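A quick write-up on the structure given underneath.
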Amino acid sequence: MNHSKSQTSQYKNRKASLAKTYEFEVADQVQDSLMFIVEKKESTYHFITCQGALLQKFGYEDDAFNGKQIDECLPKYHAIRRAISYDRAWEGNSVTYEDTLNGIPYMGAVSPVYDEKGEVTRLQGFCVDMSKKKRAEEKLKEREYYFRTLFNYHPDGIFTLNKDGRFLFINPAVSQICGYDEHELYQTHFMPLIVPEERQKAEDFFHRAKQGEMLHFETSVFHKDGHQIDLQVTNIPINIDGEIHSIYGIVKDISCRKKSEKELHHLRHRIASMIYQSADSIAVFDLKNHLISANPAFEAFYGWTEEELIGKTVPYIPEEELKTYLHIINKVKKGEKFTGLESTRIRKDGTKFYVSVTFSPLHDEDGDIIGYSAITRDIHSQKIAQEALRKKNEQYQIITEHTMDLISVFNADGQIMYSSPSHYAVLGYESGSFTDLEWTEIVHPEDLPDLLKSIANLKNSKQSMKMEVRVKNSEGQWLTLETYGTAVVNHKEEVDSIVTISRDITERKKTEDFLRKSEKLAVLGQLAAGIAHEIRNPLTSLKGFTHLLRANASEEEHDYYQIMLSELERINTIVGEFMMLAKPQPKNVKKNDIGRVLKEAASLLEAQANLHSIEFILDLDSELFLECEADQLKQVFINLMKNGIEAMEDDGKLLKIKAKKEQDAIVISFKDDGCGIPQDKIDHIGEPFYTTKEKGTGLGMMICNKIIENHNGKLEIESEVDKGTVVTLTFPKA
Ligand code: ADP
Ligand code: MG
């Protein structure tokens, strides 16, 4: 290899400088370096020497490289890379390289060493551990990244101003807050952004920051679109080498907070005035049940002033409610809410009254329960009215449920909505089944048109009505009801429902009829008493002389006398019957066997029965003893048997006479299979002179009634037209 002069001097210089560097470096960084000398033999490099503390860090023994070929002591690819560096150095270059050996980053430098001829005889180099530096670099990078991220993504706006108050940097949050981007703000002054009334203050603060003061303040600025934003600002002066270089600022948009603060304030104010003006008493208690505050309504309700009770428990719970009260309060203190509890309270003056109370727990900002509120509403008059109404309803209930009057409620369509339990007792229909029953079915067909007309009238006139209706009971008997109907009108003046109250007046009607008859009877009785004797005496002489005349009469005349006699006999009978009526209470009362009396009556009439080929069947218990006047009862039996025979004159065969001993009565029945009596005529039987017979007197049944009544008995007629009639007598055993 040939070297020029210049090259030589270059080498010398280099060597000197290298030695200096090398010495310096080794002295300085002996811990972290190594030095080596390499020579080239047969195109491979050998370490002549390699020493330094770095060797150990690389993981080698102190003399591991000495006298070794590089590919013997270094990992394969590392040896190749080094050979390339060394090749370039052998060509006369100073070569530096960075590499990593066994995980340790290092920097190496290698330079040629020339002999006198200027030829490269060996290479000399050193390596320095770069781990620390690398790490430091990485940290720096990391930190820079971290700060940049922080800056870019920080939710608060961050900016720097130079000493003149012009923007240097802003982060994206600043753009978001004020609407300007980085370029728009760069090198512009902050002052135009500040609202005019805040500018003086901003000027002062900026000045103070420049003096090195760190400041917090709130101010307002204009957004790019002109609206005002409230900001919280922190200014931090950046001090470099004792001189304020720039101002670092952090801004927070507090417009929302300001707005909600305002709203909250407003709301609080409104709530406070609501509480103050509330008609409900509102009191707030702490957890010890001590009063914290009470509104004017509380004072008006209870009679205590807020001052009197503040910090104390309120003695307004009645003794008997204390336990329940404390139980509820304990639940409220655990967070439960109670609405509209009905309870009683005591006023300061000792009076008790009904209230409806709502308890709510009160929380502090952290959500912990710190007390509770009690909102009380006076429901005293309401409660009293309710109670009165309840009592009244109860009374009505008792009346409707227990009355024997029939109470029904019909809707406007005529359906039964309610029927009182008395329906069962009176009519025999279960109250449930009665509502299902088409009620028109049980109304007498003759009465139904009138009833429907009355109901229609009632709906139109909205006035009440009264009428008599016959209805059928569950056994098919007709009962007469006196019915009052009243329309119930709703607020629209429409008929909502119709309430009817009906009373069974069948018995009353009977009594009325009976009374009517007895009145007639009484008059008749008096008449009879006066006249009977007067008639009887002349009648006796008339009869006697007619007998006499008949005895001497011619054949032809005989018949006339005979007719006269029988007509006289008829008058006599009528008068006799009259006299029977006139007779007061039975006088000759004795214990008689009814069976015997019946047999005697029957034998008297047998001839007449035979005439019409009617058979008598007697079914009599033995020893039918009754305290009675036998002659009078015989008269009754004769009358009834006669009526039976007369009913069977046209057709009919059998008269069954039955007499039975019951528990406490003797029951006698006369059953014929004659013409029967129409239902509507039955009531007339027994009226004086009521007869359907040509030769009848219409007095027989009346006399029967009278006698039976005198014996405390009862006469009942059951009859069906063309089937026959049963007359039943019941005499109570004394
Ligand atoms: P009289 O027999 O004189 O007509 P009563 O007072 O005995 O008078 O009877 C009144 C009416 O009652 C009779 O006319 C008859 O129409 C009716 N009557 C009474 N008993 C019977 C009977 N067993 N069957 C049918 N009708 C009867
Ligand atoms: Mg008769």
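Taking a threshold of 28 Å on the Cα-Cα distance, which of the pairs Lys472/Lys714; Lys590/Lys658; Lys660/Lys706; Lys591/Lys695; Lys312/Lys383 fall above it? Check vs 28 Å cut-off fails for Lys591/Lys695; Lys312/Lys383. Neighbours of Lys660 by Cβ distance under 11 Å: Lys/Arg scored +1, Asp/Glu scored -1, total -1. From the Kirkwood radius over Cα pairs of the chain, Stokes-Einstein at 10 °C and 1.306 mPa s returns a whole-number translational diffusion coefficient of 37 µm²/s.
The mean sequence distance of close C-alpha pairs (under 8 Å, at least 6 residues apart), as a share of the length of region 179-330, puts its relative contact order at 12 percent. In whole Å, how far is the Cα centre of region 142-165 from that of region 202-267? Centre-to-centre (Cα) distance: 16 Å.
Which shape class, rounded, prolate or oblate, goes with region 527-667 when its Cα gyration tensor gives a ≥ b ≥ c as root eigenvalues, a/c under 1.5 marks rounded, and past that a/b bigger than b/c marks prolate? Oblate. Computed from phi, the 3J(HN,Hα) profile of region 417-422 under the Karplus parametrisation 6.51, -1.76, 1.60 (θ = phi - 60°) reads 9, 8, 9, 5, x, 4 Hz, with x in place of Gly and Pro.
Phi angles across region 230-240 convert, under the Karplus curve 6.51 cos²θ - 1.76 cosθ + 1.60 with θ = phi - 60°, into 3J(HN,Hα) values of 8, 10, 10, 10, 10, 10, 10, x, 9, 9, 10 Hz, Gly and Pro given as x. Mean residue ellipticity at 222 nm, helices only, the chain: -14000 deg cm²/dmol; runs of at least 4 DSSP H residues each add -39,500 (n - 2.57), and the sum is divided by the number of residues. Bridging of Lys210 to aspartates and glutamates at a Cα separation below 13 Å is possible for Asp164, Glu243, once same-chain residues fewer than 8 apart are set aside. Peptides 461-469, 367-375, 142-150 ranked from most to least packed, by the mean per-residue count of other Cβ atoms within 10 Å: 367-375, 461-469, 142-150. Determine which lysines satisfy two conditions relative to Lys462: a Cα distance under 16 Å, and not lying fewer than 8 residues away in the same chain. Within the straight-line cut-off, Lys462 pairs with Lys453, Lys492.
Under 5 Å between amide hydrogens, built in the peptide plane, is the criterion, and for Ser497 it picks out Val488 among residues at least 5 positions away or on other chains.
With the largest listed first and rounded to whole Å, the semi-axes of the equivalent ellipsoid of region 591-734 from the Cα gyration tensor are 23, 17, 14.
Taking the average, over residues, of other Cβ atoms within 10 Å as the packing measure, peptides 570-576, 210-216, 386-392 rank 570-576, 210-216, 386-392 from highest down.
Here's how it looks for Phe169: its modeled amide H is under 5 Å from those of Thr160, which are all 5 or more places away or on a different chain.
For the chain, averaging the sequence separation of C-alpha pairs within contact (under 8 Å, six or more residues apart) and dividing by the residue count gives a relative contact order of 4 percent. Only lysines eight or more places from Lys76 in sequence, or on another chain, were considered; those with a Cα closer than 22 Å are Lys40, Lys41, Lys57, Lys68. The HN-Hα couplings worked out from phi for region 439-445 by the Karplus form 6.51 cos²θ - 1.76 cosθ + 1.60 (θ = phi - 60°) are 4, 4, 5, 9, 7, 4, x Hz, whole numbers, x standing for Gly and Pro.
Of the DSSP H helices in the chain, those with a Cα length along their own long axis of 24 Å or more and a mean Kyte-Doolittle hydropathy reaching -1.0 comprise 506-552, 555-582, 594-611, 630-647.
The numbers here are math on the coordinates, done by the rules we state, and not lab data. Computed from a predicted model, the values in this text were never measured in an experiment. Every residue, glycine among them, receives a Cβ derived from its backbone with ideal geometry; neighbour counts consider all protein chains shown.
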